[in-house]
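Single-structure report; data block below.
The values are calculated or read from the model by the stated rules, or taken from the named source; none is laboratory data. Please read all numbers here as calculations on a predicted model, not as lab measurements. The protein model used for the area step is the full one, side chains on, heavy atoms only, and it has no ligands, DNA or RNA in it. Shrake-Rupley method; radii C 1.70, N 1.55, O 1.52, S 1.80 Å.
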Amino acid sequence: QFRLGALALAIACSPLAAQWGQQSPTTSPSARSGHGMCLTGTQIVLHGGTAGFSTSGETWVYDGTNWDGTAITGGPVATGVRLVDMNGIVVLYGGMNTSFFGGPSVDQTYTLTGTTWAAATPTVTPGGLGNYGACYHSGRGTMVLYGGVADSFFPIAESGTWEFDGTNWAQISVTSPAGALERPAMCYHAGSGMAVMFGGIDPQIGGVDTTWLYDNTGTWAAATVSGIKLPLRIGARLPYDSVRDVCVLNGGLNPSTGQAIIDTWELAYDASTTTWTWTQVPTVTNGHFASGLAFLPSIRQIVEFGGLDPATFAENADTW
């Protein structure tokens, strides 16, 4: 009896394998892709996105059970954006041109404080970008933005690094070895004190499979990655799990085949060897492209909403 009891206790206390599970909230946003999503306070906030030829200016919040689209109103119409929380203030920059033919990306900076959106008026801006990578770098105290598309009529990606300090944008005078990129995945890894960027594509050359780091001095460098090197992808998302100190990569598109990628990976840092390791999570998710992902500490879960199904070109309205 003792041995059986000990075995049952060991099984009960062993960690469960990571799993994606579809949720059934009573209310949720409509189908969309290209929206921004981030954690702010104790909830996740989602804004914008596109379904078909309709671009949204809605804001929704998620508490781990349901979505609420009534708590926050206003805000810009935007797609191809990221939301970044800067110590309780959510920042949205830019967005893709919504014309059928494309065109110059939108040059707009908005901040969300509590339940109020406000248009910021920085004296210097990136000049309009969409489909960039971005995160809050707490070591530098700024929102860091990399790459993106300045004009969707021309398939040319940008290679600049910009930072927003809450008042103004400034271009960082550093030549990035990452080169021109659009649709990279990016987050801040608190354990290492560095921003992490993976994937993306230079339309003139092709996809990128390097893991890049941006440190406290404002310098980009390729990470020393041990073991597996990830397959390249675009339009993936990379939220940071603050409980387990890992970056979680999910979804995206293989730029060579146009096929959805349905794997999930975790990136961990070893301070003793200053090396990084990607580990595949043995679970399959929905393979969405340009979805929204964010970590919600109250339920210790990565939350995903929406995204495009590359097989059908239809936007989704599911919560995982």
- Task: Determine the principal axes of the Cα atoms in the chain, then give the extent along each, sorted from largest to smallest and rounded to whole angstroms.
- Result: 72, 46, 39
- Under 5 Å, built H, 5+ apart or other chain: amide partners of Arg32: Gly307, Asn316
- Amide H to amide H, which residues 5 or more places from His189 or on other chains are under 5 Å from it, using H placed in the peptide plane? Met194, Ala195, Val196
- The long-range amide H neighbours of Ile261, using H built 1.01 Å from N in the peptide plane and a cut-off of under 5 Å, are Gly252, Leu253, Asn254
- Note on the structure: By accessible area (1.4 Å), largest first, Thr217, Thr121, Thr111, Thr161 order as Thr121, Thr217, Thr111, Thr161
- A correct Karplus calculation of ³J(HN,Hα) over region 194-208, with 6.51 cos²θ - 1.76 cosθ + 1.60, θ = phi - 60°, whole Hz and x for Gly and Pro, returns 9, 7, 10, 9, 9, x, x, 8, 9, x, 7, 10, x, x, 10
- Alpha-carbon centroids, region 160-197 and region 79-114: separation in whole Å: 16
- Query: How do Asp245, Asp318 stack up against each other in accessible area, from largest to smallest, with a 1.4 angstrom probe?
  - Reply: Asp245, Asp318
- Per-residue HN-Hα couplings for region 173-178, Karplus 6.51 cos²θ - 1.76 cosθ + 1.60 at θ = phi - 60°, whole Hz, x for Gly and Pro? 7, 9, 8, 8, x, 5
- Crossing angle, helix 2-13 versus the chain [Cα axis fit, 0-90 degrees, rounded to tens]: 0
- Query: Using a 1.4 angstrom probe with every protein chain in place, what is the largest-first accessible-area order of Phe198, Phe313?
  - Reply: Phe313, Phe198
- Note on the structure: As a percent rounded to 5, the proportion of antiparallel DSSP bridges among beta bridges in the chain is 95
